[in-house]
Amino acid sequence: MLLPCRAGALPEPSPSASLSLSLRRIQVRWALYLFLSLALLWFPSGAVASTLNCHKTCICASNIVSCSKMNLTTVPTGLPLYTAVLDLSYNDVSRLRAEWTMVKLTKLHNLLLSHNGLHFLSSEAFVYVKHLRYLDLSSNNLRQLDEFIFEPLGQLEVLLLYNNRISQIDHSAFQGLHSLQKLYLSQNMISRFPLELVKDKTRLEKLSLMDISSNRIKVPPIKELQVLPAWIKNGLYFHNNPLICDCSLYSLLAHWHILRLNSALDFKDEYSCYLPGSQKSRVGVFDLNRDYMNCSTFYEADEEAWLEQTLILRCDTKHRDLSKTWVMPGDVVVTEGLNQTAKVLPDGSLQIGPVKSDDSGTYTCYAVSEALNETIYVLLKVHNFTEKGNGENLSTAYTTLVGCVTSLVLVFIYLYLTPCRCFCCPKNNHQDSFHSSMLSQEDLANNTDPRHVAFIDPKELGQNGKVNPSDMGGDQGEMDEEGGLLGKGRRKKSVAESISLVFSDTPIVV
């Protein structure tokens, strides 16, 4: 039965209902505490106390955490957020997974993972350590570098990958490394020269040292390497590779040696190659100009120019970001605003134009910085004609030469190729001897054609095929007043002298 109650008054809960309400409040409170605890463990932004035991697992010295030679198979958890240097070398960490750290180590700039037998790198292994500047992955078992593997490391400056088993490098493996300055890839199994890292438009802009020595590269891209700036070639090491001997390879390294580039000077004796052929002998590259392939000794070529041409002289220094000053022949400093024909371009090159004949001489580029200085000398030779005029002169000379050769050929044809040889002449059945081939006076009288072919008796020839006048004695060699011929088939003395250089078997047209 329900009891009536006063207006505005609520019924009082029973004791059982009050107990149930209290239990619900306690459950909600504990659930809230558990949720907050899980949130603090999951999100690293909360104030989480370090769980790393710096007395047993690692050695902590301020912001340096050294876990080297601790026989670790995984990366310790609970690393302090203030860690700047983490040394995990000489352990057994074979796989670097994405979850090796669950917190963002924003202050970590050095990570050492050498000598671990590492053979797997997750594509997300460096997501929480984007501020790394030094990464050592050397002396491991890495076999390939996948695409975009280092993309999160936009602040990385030094990357050590030497002494691995790397044979495949994706073209985009190093994309995103905009601050990388030094890359060590030596002592691997690389057979493809990673040209995309140093050539124009695709190179890493700040990369000044790339070591790919002691790999399996046989044919480096010589032409592409020749046009690289000197500050890149100065730190490009590819010695101790099974290179194939070639004179272009010798010229490349000889040029680098003349420029005093470190890559050619420091390891000159370790640049070797295999001679072509079945023996496959290994010789020094710098000996190819003397003992083996007889390559032409390399000399630095001078710059050449023509009148009215616009020329650019480059100050190709071994270091970057140097202040450059040019001095023209006669110790004239190139200064902007003095209305000179030469001016310094933004990249430090010198532009000369239009070129004049008195621009020949030695140009000097002084490149200096706070700690470095270099001096580059460029010898310029100016031809005393325009480039177009030079082509016209060459064309005229070629035409003249062709005309002379053609004329000589026609002269030789006229002298030595006669219209009729002895085998095509009509035979005389009445005269069998050699003398029968000579024309008689009657034949001369009956023939209307003024041209006849005659042969000289060998008895009448003297030394060197000349007609011997001593054999033409008596009334046989005399001439009458009318200039006729006396004797059988004897010619005039004047005719004999005119053919004195003709051999006995050479037909003469008279």
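The values are calculated or read from the model by the stated rules, or taken from the named source; none is laboratory data. Quick caveat: nothing in here was measured; it's all calculated off a predicted structure. Neighbour counts are summed over all protein chains in view; Cβ atoms, including those assigned to glycine, are modelled from backbone coordinates with ideal geometry. Accessible surface is based on the protein model in full, side chains and every heavy atom, while ligands, DNA and RNA are left aside. Shrake-Rupley method; radii C 1.70, N 1.55, O 1.52, S 1.80 Å.
Some observations on this one:
- 2 or more residues farther than 23 Å from Ser186 by Cβ and within 12 Å of the chain's Cα centre (by Cα): qualifying helices (runs of 4 or more DSSP H) within the stretch 221-260: 247-258
- The set of residues in the stretch 157-180 being open to solvent by less than 60 Å² (accessible area, probe 1.4 Å) and among the aromatic types (Phe, Trp, Tyr) consists of Phe174 alone.
- Residues being aromatic (Phe, Trp, Tyr) and either outside any loop (DSSP other than H, G, I, E, B) or under 17 Å from Pro194 (Cα atoms) (or both) - total across the stretch 126-165: 4
- Among the residues of the stretch 306-316, not a single one is closer than 25 Å to His255 by Cα, in a strand (DSSP E or B), under 28 Å from the mean Cα position of the chain (by Cα) and among the basic types (Lys, Arg).
- Checked against (1) over 24 Å from Met189 (Cα atoms); (2) open to solvent by 10 Å² or more (accessible area, probe 1.4 Å), Phe126 meets all criteria but (2).
- Matching residues in the stretch 75-88 - criterion: being within 14 Å of Ile59 (Cβ to Cβ), open to solvent by less than 10 Å² (accessible area, probe 1.4 Å) and either in a loop (DSSP other than H, G, I, E, B) or of a type in the set (Lys, Arg) (or both): Pro80, Thr83, Leu88
- In the stretch 68-89, the residues that are hydroxyl-bearing (Ser, Thr, Tyr) reach residues that are in a strand (DSSP E or B) with C-beta atoms within less than 7 angstrom, at least six apart or across chains, in these pairs: Ser68/Asp87; Thr83/Val65; Ser89/Leu112.
- Per-region count, the stretch 146-156, residues surrounded by fewer than 21 Cβ atoms within 10 Å (Cβ to Cβ) and of a type outside the set (S, T, N, Q): 6
- When Val378, Val382 are checked against the criterion of being of a type in the set (Val, Ile, Thr), at pLDDT 70 or above, closer than 30 Å to Ile258 by Cα and touching a helix residue (DSSP H, G or I) at 6+ places or on another chain (Cβ under 9 Å), a single residue qualifies: Val382.
- Single unsatisfied condition, Ser296 versus (1) within 29 Å of Leu252 (Cβ to Cβ); (2) open to solvent by less than 80 Å² (accessible area, probe 1.4 Å); (3) touching a residue at least 40 places away in the same chain (Cβ under 8 Å); (4) small (Gly, Ala, Ser): (2)
- Of Gly277, Gly284, all but one fail to be open to solvent by less than 70 Å² (accessible area, probe 1.4 Å), among the small types (Gly, Ala, Ser) and either at pLDDT below 85 or in contact with a Lys or Arg (Cβ under 6 Å, 6 or more places away or on another chain) (or both); the exception is Gly277.
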